[in-house]
Amino acid sequence: MFFWNRIEMQKIISIAGSVISVAVSVWLFAYIWEHGTQTVQAGNWKAPFGIIFVADTLSATLVLLTAISGLAVASFSSASVVAARLRFGYFPIFHFLLLGLNGAFLTGDIFNLYVWFEIIIISSFVLITLGGEKAQVEGAVKYFTLNILASTIFLTAIAVLYGLTGALNMADLSVKVAAIENRGLVELTALLFLIAFGTKAAAFPLYFWLPASYHTPPSAVSAIFAGLLTKVGVYALIRVFTLIFVGDAFLYNIISVMAILTLFSGGLGALVQNNLRKVFSYLIICHIGYMIAGLGLFTEVAIAGTIFYLIHDIVVKTNLFMVSGLMYRIRGTNSVQAMGGLYKDYPKLSLLIAIPLFSLVGIPPLSGFWPKISLLKAGFTAQQWWLVGAIIFASLITLFIIAKVWAGVVWKDKPKIEVKSNFRYFANLSDLKKTQMIAPIVFLSLVSLYIGFGAEHIQQLSSRIATELMDNQQYVDAVLHKVQNIK
Amino acid sequence: MEVILAIMIGVLYAAGIYMILRRSLVKLILGIIILGNGANLLIFLLGRIVKGHPPIIPGSAEVFHDLYADPVPQALILTAIVISFGLQSFAIILIKRAYKVVKTDDLDEMNAIDQDS
């Protein structure tokens, strides 16, 4: 912000800042791995009165992933977003978005969560409209309306919850909600939260803003949206339904049904699209279904699967949208039909993009495979045959779509299309810009490979998170009885 | 007082949702604003309305003995108003921009993004 008109300076600050943020979040993660949940009381007001920040293992993991994707996208956008957009404050807003995400993952206060959500959506509005093309503005109107509506519903839910309990601290709510006699009213509030977070997460009947808007902004912006924005919704769902509204079979049934329909509708939606980025947009929806499915089953194995899937999905989806941006740079089009011949022109690049594409499907050693085992196992144990069927069906359909994209983009002969004269093709870019575009894809692909081949570590991590989530007493103790923990 | 407020909140929610369901962009924004106001009043109402008892502990006591007006909902509403003010001003600029670019006020005609590119 201090270098408003000096883009080169902004690029350097942005990338350097992201590297620092990765370093800090690695440190936070390591600290929490050793010492357990940490809390910070803002202004030293004791919980449950003040606003509190809580970092348990789930939060720390997500903050780490945010930092990793943030670094990748910062580097990618400094090469792929045109200078005219960067001049209108792209990088400051981008870092505001990351700030909002980190805040949302770390806060322990439900109204503070609302405030972070608003920071996230206001910066995402700016990012999505930056440039002001026709498609962008139209997409933004839809994105804007449904997200504001979701926020208002979230606010309504907070109001009702405050009326019921007189508390805003999530740990305090967890204790007080469990003690309420009138379960009908609690269920109603829970449903309001489900609608609000379901819209943010793009679950089945509430996802229509996503395919209408995600393919319109520059691909660097879509990458950070795809990787993290919907996942904040999933995080909020996981947090609220494992901490505050626990043990209500009716709610978990609704979540399961939502998951099944999300898996089906996302998969079928992706099948008929031709625009590469629309295909990926629908795949986001489809794969949100897996995470919600785990939450709907609500056993320890299933939650572990959800967490593993969340970790894998943030990395892969960010990467996929960067790949789609790269393709657009190479071929000058987003249409799968008009692409082709990538393997002939760029064989090494094709191998590189094979990693995120096939990780997404989950071909065994790659990262998408492992969480599905947990989910299926939990599904069989709970005898939820519809859910198991939907998970298998969605995997199959993802495989089919990815095979179609792979064949269309990489193997097919290059169709004859006229060369756009005023378009800067990838081949004409400087070496620095090429590196800046490819390095983040390599980086995230390596992370994906690590998640795939080091699945044991990630599985340990997600089981630990699942244990923490299922036994929420530990979280409540860390927040409310801080006295013993102060060193 | 509570009853009047409750009815008013209901009316505001209904009017807001009705406006959002219209096809005009301007009405869409008006609907969002009205709905937001409804939500703010709801927080106010559910925070229990108490008249004439400010939340100040008298010097002679340690804790409250009397009933008192809860300051938390008011703080929440203040935050929510500021946030929604920012969002609404952004929304108004956005619809102005949308009107200029798309040259229509009708949401049904905003379908360029649904076509294959």
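The values are calculated or read from the model by the stated rules, or taken from the named source; none is laboratory data. These numbers were taken from a predicted model, which means no experiment stands behind them. Cβ: placed from backbone, ideal geometry, glycine included. Neighbour counts: every protein chain shown.
For the reader, a short list of remarks on this structure follows.
- A:A203 passes every criterion in (1) at pLDDT below 90; (2) under 21 Å from A:L161 (Cα atoms); (3) not aromatic (F, W, Y) apart from (2).
- Residue count for region B:28-39, restricted to those that are of a type in the set (A, V, I, L, M, F, W, C) and within 8 Å of chain A (Cβ to nearest Cβ): 4.
- Helices (runs of 4 or more DSSP H) completely within region A:399-483 that count 2 or more residues being over 30 Å from A:V246 (Cβ atoms) and within 27 Å of the chain's Cα centre (by Cα): A:431-453
- Qualifying residue in region A:4-11 (condition: modelled with pLDDT of 80 or more, over 19 Å from A:Y90 (Cβ atoms) and of a type in the set (A, V, I, L, M, F, W, C)): no
- Qualifying residue in region A:98-105 (condition: under 17 Å from the mean Cα position of the chain (by Cα), under 22 Å from B:I92 (Cα atoms) and modelled with pLDDT of 90 or more): no
- Failed condition for B:D108, given (1) within 28 Å of A:L127 (Cα to Cα); (2) away from every other protein chain (no Cβ under 11 Å); (3) more than 11 Å from the chain's Cα centre (by Cα); (4) surrounded by 12 or more Cβ atoms within 10 Å (Cβ to Cβ): (4)
- Number of the exception - A:K348 against (1) more than 14 Å from every other protein chain (Cβ to nearest Cβ); (2) under 24 Å from the mean Cα position of the chain (by Cα): (2)
This table checks each residue for (1) surrounded by 12 or more Cβ atoms within 10 Å (Cβ to Cβ); (2) at pLDDT below 90; (3) more than 10 Å from every other protein chain (Cβ to nearest Cβ); (4) in contact with a Lys or Arg (Cβ under 6 Å, 6 or more places away or on another chain).
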site: B:I7; (1), (2), (3), (4): no, no, yes, no
site: B:A15; (1), (2), (3), (4): yes, no, yes, no
site: B:L25; (1), (2), (3), (4): yes, yes, no, no
site: B:L41; (1), (2), (3), (4): yes, no, no, no
site: B:V63; (1), (2), (3), (4): no, yes, yes, no
site: B:Y68; (1), (2), (3), (4): yes, yes, yes, no
site: B:A80; (1), (2), (3), (4): yes, no, no, no
site: B:S89; (1), (2), (3), (4): no, no, yes, no
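- When residues of region A:335-345 are limited to those that are surrounded by fewer than 20 Cβ atoms within 10 Å (Cβ to Cβ) and assigned to a loop (DSSP other than H, G, I, E, B), the one farthest from the other protein chains (Cβ to nearest Cβ): A:G341
Every residue, every condition in (1) aliphatic (A, V, I, L, M); (2) free of Cβ contacts under 8 Å to residues at least 40 places away in the same chain, yes or no:
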| residue | (1), (2) |
| --- | --- |
| B:A14 | yes, yes |
| B:L21 | yes, yes |
| B:L28 | yes, no |
| B:G31 | no, yes |
| B:I34 | yes, yes |
| B:G38 | no, yes |
| B:I43 | yes, yes |
| B:G47 | no, yes |
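- Counting only residues that are in contact (Cβ under 8 Å) with a residue 40 or more places away in the chain and either facing chain B (nearest Cβ under 8 Å) or over 30 Å from the mean Cα position of the chain (by Cα) (or both), region A:163-183 holds 2 of them.
- Restricted to region A:226-334, the set of helices (runs of 4 or more DSSP H) holding at least 1 residues that are more than 14 Å from chain B (Cβ to nearest Cβ), surrounded by fewer than 24 Cβ atoms within 10 Å (Cβ to Cβ) and of a type in the set (S, T, N, Q) comprises A:230-243, A:249-271.
- In region A:115-142, the residues that are farther than 17 Å from A:G70 by Cβ and touching a residue at least 60 places away in the same chain (Cβ under 8 Å) reach residues that are β-branched (V, I, T) and not in a helix (DSSP H, G or I) with C-beta atoms within less than 8 angstrom, at least six apart or across chains, in these pairs: A:I128/A:T216; A:E133/A:T216; A:A135/A:T216; A:Q136/A:T216; A:E138/A:T216; A:G139/A:T216; A:A140/A:T216.
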